[in-house]
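Asker: Have a look at the structure that comes next, please.
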Amino acid sequence: SLFAWSASSPRFQGWRSNGGSGGGTMKLKARLARLEVRLEAHEQEVARLRALVVGGGGAGAGTQSGRAQGKAAEASDDELGVLLATAAAEVSDASGSDDSDADSEPALGGACCGVTRARPLLPDGATFVRTTDADLAEEDDYEFEESVWDAFLFIGANCFGTSDSVLIVVLAGLNIFVQLVFCKIIREYMLDDPFSPDSLLNLLQFRGRVAHHIRFADAVTYESMVSQICAEDSILPWADGSLEQQKGIVEVVGQSRSLTDGYPVMCVLAVFLWLTTVMQDVRANCRFLGALLHLPRGSQTLIGQCVSTIDGSSASEGASILMISHVRVWCTVLFAVVPRFMVAACLTFLGTKYLVFSASMSDLLLNAMALEFVTAIDELLFAAFAPMRLKALIRNIEALEVPIAPWCKRAPSLVPWVCLLSVLLLLNYFWDGVIHDFMGRAELAEDFMCGGEQNFVYTKNPINGVIMATSSEPNHPDDDFDTVASILNLAQLDLKDAYGFKVPEALVGIADRPQTAMIQVGPKLAAEEWERAGTYAGIFNRSLGSLPAENAAFVRLSMLSTGKPSEAAEFLPCNDGAGTTGHVLKAQVEKIFGYTMENMTGMNSKEVCQSLVDNCDGMNMTSLRALCPVSCGCHLWWDPPAAFYAVTEHGCPTDCRTLMTVTRKSGVFGRDNCTDVAPSAFGDGALHKYMHGVLEYVYAYPERAPTVQKSFRVLIYNNYLAYSIPVTNLLKREMRNVTNFLLSRKFIDSMVSERWELYAGVPHPRNLTGCDFVTSWEFAAIFQLDLCETGAGYRSIRTYCPEACRCTPDAPECPVAGCGALPTPAPAV
């Protein structure tokens, strides 16, 4: 058990008179020997103070001090403290005997654990004596900290009640538990390396599967997802696909780039300071352990209470540990010192990795503060829950003497240098084993994600599994404000330069510009507006806030955002620039062609569309056919300027196809007879554009080239083509050149010049020309394309070749008049 003792304690005096017990007596004698040394030092201080006294009290002080020294020489151990206090008091009295000032400070003396401790006062005008390095080397005491770790030493003291002791045990256990739990949590859940080997492999899989897939490309700007990620496009999180996944990849790319912008220096500094913090804790624990093992040990623990004497009155000043039991020493080592070392070791390695894996400077600072919180848990628990008597004891107990090794006395600065070198060696270890590899993996992550070619997209053919790819637009997030301007115009934002923000030139005065978006309304509002004004123009000039919401319009926009071009065409009117003004249509057309068209300035919608008729037959002009369906002839069943692409799958509104069916049956537009055009018609006009569209359609799918070659090879080697043996052998030898001929402009030129060749100098095996040539089974077998078929994603050739396509009056895209019943088909080859 632990007891509080004073110098006058009868129980202590009895213990001393009996010589103590065993090793305790030896420890106490050693303690008393140290007190004798301290007494000698105080006597020297008394002599020094006597020499410093100013006035006539020198002689008196010398006589009185001599008496004190004589008494000290003859005194027993029990009288040392009292004599020391008396000597100090006499010196003080001698110093003040000739001083008539009634307010001079009284002498202070104190008894601590049976030994009197004097606190001599320096009179006015006194000077300090320089302390030598040897003196400093011998002065190393451990001051108790207000921490649960240090409080463990006083568990079970008699000066505390049972509840207080139990509370200290609970706090000690809770401190160890909480700190170890924090270490486990950091290890299990907070050491996620964003650039671990598994993460890098996942990044490669993401690049190969998702980043270039056309499904996740921007349908507005035609940019691949990877080009937006690597440009750190702020619009990306709202693109198609998984929002969280895309944001995670963007963060990875941003983190990897931040590692080259000061992060390594910041990381090294943070790790250095963290290791220094841990080293400070380790050093304090080592000093506590040394002081603990240096205390006199016996069968029980003795704590002496310090008593101060002020003007003859005694007052409690503090306490001192006289002796400590063996059990308490080893319990403190096992349950306080060793766990503290364990926690420090765990936090050294786990905390360093936790800081390094922050991967951003803001997170690095926050994580460093979090680790500082973990190391301060022992002080937090002590401040919040420790008993008041324990706090008072910790604050007032005398510091413990820390033994100093001989080599430390010879080199007092050696220990700090060792600590500093230890921190630097640990820092070098973590640089080689953690930080350097982490930075290298970050560079690999950016290379895996953003290296190589970014501007392409792909998809996989669902039928045969073949991967198909094409190039995409590069990322230019700041170059195009058209969409942003249109939406902000609808929002009626009044943008102004303020607080350091400057409005982009493309958005200046956006709220006052004409409305550029096509307003969609439901059937109810449309009917009301038509009945009121006979036109929808009033709707387009109103702000969206003044229009009532209708679910039908909302559903229509939702389908437009997710549907195919053919589905989107269902919602478009068959009218040039419907719902837009001339300048809006001009802006859209310039976007399609990629350059400014000054010649269209001031034109209305119809004039803009009429000026672009010659471009309607291009495969990539889907948007133009949707904007100018009438000018592109989407409603015409005869000679449409859009030619091969005059279908809903390539931008023509569904309403135009309905109108085409009506006009075909009425015979209003175009020829109305069931005869094939002459072969010479293929050399000019819409039919010539039609055949160019056919080849462009074939060229758009590179996999068709080997298909054409394979089909022609099958026809030749199986003698399905009725050629002579010499011609057959020629075609076998020139198989590759034959394929190149069929997929080049030379094939179209042979039609224009009316040679109708399948290869240079090789005519159709049945000598067919004109409509019979392009609708023959040989042509369909070679190109895998039946031009007489409808609903195949392109306009059929029935309007030009009704006889060759065996048209009937009710067949789609066929003339109504003159076409008889469908003849019996020829036997299949």
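The values are calculated or read from the model by the stated rules, or taken from the named source; none is laboratory data. Because the structure is a prediction, the values reported are computed rather than measured. So basically every Cβ, Gly included, is an ideal-geometry build from the backbone, and we count neighbours across all protein chains shown. With ligands, DNA and RNA removed, areas are computed over all heavy atoms of the protein, side chains included. Shrake-Rupley method; radii C 1.70, N 1.55, O 1.52, S 1.80 Å.
Asker: Name the residues in segment 763-778 that are of a type outside the set (S, T, N, Q) and open to solvent by 10 Å² or more (accessible area, probe 1.4 Å), would you?
Answerer: Pro763, Pro765, Arg766, Leu768, Asp772, Trp777
Asker: How many of the residues in segment 311-328 are out of contact with any Lys or Arg (no Cβ under 8 Å at 6 or more places or on another chain) and either at pLDDT 85 or above or not small (Gly, Ala, Ser) (or both)?
Answerer: Total meeting the criteria: 5.
Asker: Yes or no: Glu398 among the charged types (D, E, K, R) and within 25 Å of the chain's Cα centre (by Cα)?
Answerer: On the way: among the charged types (D, E, K, R): yes; within 25 Å of the chain's Cα centre (by Cα): no.
Judged against the criteria, Glu398 is not a match.
Asker: Determine which single condition Asn767 fails, assuming it passes every other condition in (1) modelled with pLDDT under 85; (2) in a loop (DSSP other than H, G, I, E, B).
Answerer: The number of the failed condition is (1).
Asker: Output yes when any residue across segment 151-163 is open to solvent by 50 Å² or more (accessible area, probe 1.4 Å) and part of a helix (DSSP H, G or I), and no when none is.
Answerer: yes
Asker: Within segment 652-674, count every residue that is modelled with pLDDT of 85 or more and assigned to a loop (DSSP other than H, G, I, E, B).
Answerer: 2
Asker: While we're looking at this one, here's another question. Would you pick out the residues in segment 650-663 that are open to solvent by 20 Å² or more (accessible area, probe 1.4 Å) and either in contact with a Lys or Arg (Cβ under 8 Å, 6 or more places away or on another chain) or not acidic (Asp, Glu) (or both)?
Answerer: Result: His650, Thr654, Arg657, Thr658, Leu659, Thr661, Val662.
Asker: Could you list all residues from segment 182-193 that are outside any helix (DSSP H, G or I) and farther than 13 Å from Leu444 by Cβ?
Answerer: Those that are outside any helix (DSSP H, G or I) and farther than 13 Å from Leu444 by Cβ: Met190, Leu191, Asp192.
Asker: Exactly one condition in (1) modelled with pLDDT of 80 or more; (2) part of a helix (DSSP H, G or I) is not met by Val677; state its number.
Answerer: Unmet for Val677, out of (1) modelled with pLDDT of 80 or more; (2) part of a helix (DSSP H, G or I): (2).
Asker: Given (1) among the polar types (S, T, N, Q); (2) surrounded by fewer than 11 Cβ atoms within 10 Å (Cβ to Cβ); (3) touching a Phe, Trp or Tyr at 6+ places or on another chain (Cβ under 7 Å), identify the lone condition not met by Ser472.
Answerer: Single failed check for Ser472: (2).
Asker: Can you tell me how many residues in segment 388-428 are among the hydroxyl-bearing types (Ser, Thr, Tyr) and either surrounded by fewer than 14 Cβ atoms within 10 Å (Cβ to Cβ) or not in a helix (DSSP H, G or I) (or both)?
Answerer: Looking only at segment 388-428, we keep the residues that are among the hydroxyl-bearing types (Ser, Thr, Tyr), and these are 413, 422.
Filter again for either surrounded by fewer than 14 Cβ atoms within 10 Å (Cβ to Cβ) or not in a helix (DSSP H, G or I) (or both), leaving 413.
Count: 1.
Conditions (1) more than 19 Å from Cys159 (Cβ to Cβ); (2) touching a Lys or Arg at 6+ places or on another chain (Cβ under 9 Å); (3) at pLDDT 90 or above, marked per residue:
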| residue | (1), (2), (3) |
| --- | --- |
| Leu295 | no, yes, no |
| Thr309 | yes, no, no |
| Trp330 | yes, no, yes |
| Leu334 | yes, no, yes |
| Phe341 | yes, no, yes |
| Ala345 | yes, no, yes |
| Thr348 | yes, no, yes |
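Asker: Something else about it: Of these, Asp437, Asp479, which one is modelled with pLDDT of 80 or more, farther than 20 Å from His213 by Cβ, open to solvent by 40 Å² or more (accessible area, probe 1.4 Å) and charged (D, E, K, R)? Quick ask: steps written out before the conclusion?
Answerer: Values: Asp479 fails: modelled with pLDDT of 80 or more.
Answer to the check: Asp437.
Asker: Tell me which residues, restricted to segment 684-703, are open to solvent by 50 Å² or more (accessible area, probe 1.4 Å) and at pLDDT below 80.
Answerer: Asp684, Tyr699, Tyr701, Pro702, Glu703
Asker: If you take the residues in segment 445-468 that are aliphatic (A, V, I, L, M) and over 19 Å from the mean Cα position of the chain (by Cα), which one is least open to solvent (accessible area, probe 1.4 Å)? Steps first, please.
Answerer: As a first pass, look at segment 445-468 and keep what is aliphatic (A, V, I, L, M): 445, 449, 457, 463, 466-468.
Checking the rest, the ones that are also over 19 Å from the mean Cα position of the chain (by Cα) come to 457, 463, 466-468.
Details: Val457: 11, Ile463: 156, Val466: 70, Ile467: 111, Met468: 55 Å².
Top of the filtered list is Val457.
Asker: Specify which of the listed residues (Ala370, Ala383, Ala442) is closer than 25 Å to Ala291 by Cβ, of a type outside the set (Lys, Arg) and either in a helix (DSSP H, G or I) or open to solvent by 10 Å² or more (accessible area, probe 1.4 Å) (or both).
Answerer: Every option except Ala383 fails the conditions.
Asker: Please go through (1) surrounded by 14 or more Cβ atoms within 10 Å (Cβ to Cβ); (2) in contact (Cβ under 8 Å) with a residue 24 or more places away in the chain; (3) farther than 24 Å from Ala681 by Cα for Arg736 and return the number of the only condition it doesn't satisfy.
Answerer: Exception for Arg736: condition (1).
Asker: If you check Thr799 against the conditions, is it at pLDDT below 90, open to solvent by less than 40 Å² (accessible area, probe 1.4 Å), within 30 Å of Cys634 (Cα to Cα) and among the polar types (S, T, N, Q)?
Answerer: For Thr799, the condition - at pLDDT below 90, open to solvent by less than 40 Å² (accessible area, probe 1.4 Å), within 30 Å of Cys634 (Cα to Cα) and among the polar types (S, T, N, Q) - is met.
Each row is one residue, and each column tells you yes or no for (1) open to solvent by 30 Å² or more (accessible area, probe 1.4 Å); (2) at pLDDT below 85; (3) more than 17 Å from Asp447 (Cβ to Cβ); (4) in a helix (DSSP H, G or I).
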| residue | (1), (2), (3), (4) |
| --- | --- |
| Phe195 | no, yes, no, no |
| Leu203 | no, yes, no, yes |
| Ser227 | no, yes, no, yes |
| Glu232 | yes, yes, no, no |
| Pro237 | yes, yes, yes, yes |
